[in-house]
Amino acid sequence: LGIVDKKTVGASQGGLIHICFHEKSPEAMRTLFTGLQQVVGYWLFHNGFSIGIDDTIADWNTQAHISEQITTR
């Protein structure tokens, strides 16, 4: 139990990755990274976001304002 921070999970001396590599095996590291990637992928799938083409097109008022600014400068 404790705080999970860069020191704990980083590749530094005494970190999770360092200990797992030296005390277990490369296969254990592969399993660890696979599990971490699955957790991150699951989180991104459920909490991530995306935009559609309609989200990138300005509305008429915004387009008019931009055109006005371009012509006055």
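Here is a yes/no grid of residues against (1) in contact with a helix residue (DSSP H, G or I) (Cβ under 6 Å, 6 or more places away or on another chain); (2) modelled with pLDDT under 80:
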residue	(1), (2)
10	no, yes
19	no, no
22	no, no
28	yes, no
61	no, no
64	no, no
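The set of residues in the range 40-73 being in a helix (DSSP H, G or I) and surrounded by 10 or more Cβ atoms within 10 Å (Cβ to Cβ) consists of 40, 41, 42, 43, 44, 62, 63, 64, 65, 66, 67, 68.
Check residue 25 against each of (1) surrounded by 10 or more Cβ atoms within 10 Å (Cβ to Cβ); (2) within 16 Å of the chain's Cα centre (by Cα); (3) not hydrophobic (A, V, I, L, M, F, W, C) and name the one condition it does not meet. Exception for residue 25: condition (2). State the number of residues belonging to the range 1-22 that are open to solvent by 90 Å² or more (accessible area, probe 1.4 Å) and polar (S, T, N, Q). So the answer is 1.
The values are calculated or read from the model by the stated rules, or taken from the named source; none is laboratory data. All figures in this text were calculated on a predicted structure; none of them were measured in a lab. Using ideal geometry, Cβ is built from the backbone for each residue, glycine included, and neighbour counts are taken over all protein chains shown. When the accessible area is computed, the model is the full protein with side chains, heavy atoms only, and any ligands, DNA or RNA have been set aside. Shrake-Rupley method; radii C 1.70, N 1.55, O 1.52, S 1.80 Å.
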